[in-house]
1. Given the criteria in contact with a Gly (Cβ under 6 Å, 6 or more places away or on another chain) and farther than 30 Å from Thr16 by Cα, does Phe109 qualify?
2. Do the conditions hold for Leu87, that is, is it of a type in the set (A, V, I, L, M), modelled with pLDDT under 85, under 27 Å from Val180 (Cβ atoms) and open to solvent by 10 Å² or more (accessible area, probe 1.4 Å)?
3. Starting from the range 14-34, keep only residues that are over 16 Å from Thr62 (Cβ atoms) and free of Cβ contacts under 8 Å to residues at least 12 places away in the same chain, then list their pairs with residues that are part of a helix (DSSP H, G or I) and acidic (Asp, Glu) whose Cβ atoms are within a distance under 6 Å, requiring at least 6 positions of separation or different chains.
4. Restrict the check to the range 297-310 and report whether at least one residue is part of a helix (DSSP H, G or I) and among the hydroxyl-bearing types (Ser, Thr, Tyr).
5. Looking at Ser107, Ser94, which is the one that is over 16 Å from the mean Cα position of the chain (by Cα), in a helix (DSSP H, G or I), of a type in the set (S, T, N, Q) and surrounded by fewer than 18 Cβ atoms within 10 Å (Cβ to Cβ)?
Amino acid sequence: MSTPAFARGTSARTGTALAVGMAVMTLEGFDLVAFGATTPLLLHYHPWHLTVALVGLLGSLTPVGMLVGSLLVGQFTDRLGRRRTTLASIAVVSAGMFACAMAPLPSLFGAGRFVVGLGVGAIYPAMAPLIFELAPDRRKNLYSGIVQCGTAIGGSFAALAANTLLSGHGFQLEYVVGGVAGLLLLPAAYAWLPESTEYHQAMKTSAPAPGSGGVRLVLKPPYLRTTLLFCAMAALSFLLIFAMNTWLPQLMQAADHPLRSSQTFLMLLNLGATVGGLAMALLADRAGSKGPVTVSFVLGAVAIVAMSAKLPSAVLYAVVIIGGCGAVGVQGLINVYISRSYPVTARAGAVGVALGVGRIGAIAGPTLGGWILAAGLAPRWNFVLFAVPAVLGALLALAVGGRTPQDQGGGTPAPAPRAKEATAGRTL
């Protein structure tokens, strides 16, 4: 039997969204790793004479921008649409990258990092609901995981660019590459990124009642407690991600690995997030989010501690890949978990609030990592302390998993003030 025309159109629309969404997230992933890949060069850039603590502070400016961008964009995305905010976010990221490349002073470099953070912080609260709403009911985690792979691909590309282009010299070329990538991506996203049909239908069928959508809904009962738990989990996840992506090269150098080998570990960390993230997404579509999120955090903690051991190179590479699966790949599962817990008129707002508050962990990650390294502890204790957020994240995953209906085998969101409102997460 031939496929109906409308089904073929829906499939093509979803496939286009997946391809463009992955490319957009690649830009975010490039920025996530670009700073960590250039951290050793910033420390040795003689015109600026930066200390480890000051580099950690500069690294925290991007998460500050992400916090602001995430909190602001969620409300606009639920009102103005997912596509428009994504396009604007790409332009902001590209402009910030070029500002970093041309900065003559550390203060202006920091300002560029803040601008990049504004754009990066806005991208996912717009992109996550769009992909979630276009995906089939029982492929929400998989499709979101595919798009989230773009983050790891971009991170690996940033590490590769640092290895092949920088060669121990100035850091500026890394940010030029990121800015050019954004400029190339913007017209492609404008031409091929669709808007969410579900979002259009929700806006046309009925205007949300006051307080029944956006940020206001997620900050009051029956959602408030779940929102707070998601915020805490996201904060720990981002603390772990940003600490590892910023300081892994320095951690491995402190463990007597050379600079080029240390940057290779950064690439392997993000490769693990790509492969492991997809595997965990398939599991989450079948078993719910509680188990996969918890297991991911546990794998991250164990792998980070194991990196401190004197292991053969092949074994150590495998450990770093497993660490990427747990420490970096878990965030994609959390994002789908959030999306499935709220109605369509509040979905971007919920993701924005959780990721925005979660950016506190991203802000703290580079700074706390810098303090740990500056404390002069034994290399093994550096890794142990970096693993603590993963342990706490696993405990929070158990708490959140017991509070939302996802892990009961269905995708229906928790009861809302307008319980009849349609949601793409419904599978019952």
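1. Against the criterion (in contact with a Gly (Cβ under 6 Å, 6 or more places away or on another chain) and farther than 30 Å from Thr16 by Cα), Phe109 does not qualify.
2. Details: of a type in the set (A, V, I, L, M): yes; modelled with pLDDT under 85: no; under 27 Å from Val180 (Cβ atoms): yes; open to solvent by 10 Å² or more (accessible area, probe 1.4 Å): yes.
No: the conditions fail for Leu87.
3. Every condition considered, no pair remains.
4. Step one: list which residues in the range 297-310 are part of a helix (DSSP H, G or I), which gives 297-306.
Cutting the leftovers down to among the hydroxyl-bearing types (Ser, Thr, Tyr) gives us none.
No, that holds for no residue.
5. Numbers: Ser94 fails: surrounded by fewer than 18 Cβ atoms within 10 Å (Cβ to Cβ).
Unique residue meeting the criteria: Ser107.
The values are calculated or read from the model by the stated rules, or taken from the named source; none is laboratory data. Values in this document were obtained by computation on a predicted structure and should not be read as measured data. Positions of Cβ are generated from backbone atoms using ideal geometry, with glycine treated the same way; all protein chains shown enter the neighbour counts. With ligands, DNA and RNA removed, areas are computed over all heavy atoms of the protein, side chains included. Shrake-Rupley method; radii C 1.70, N 1.55, O 1.52, S 1.80 Å.
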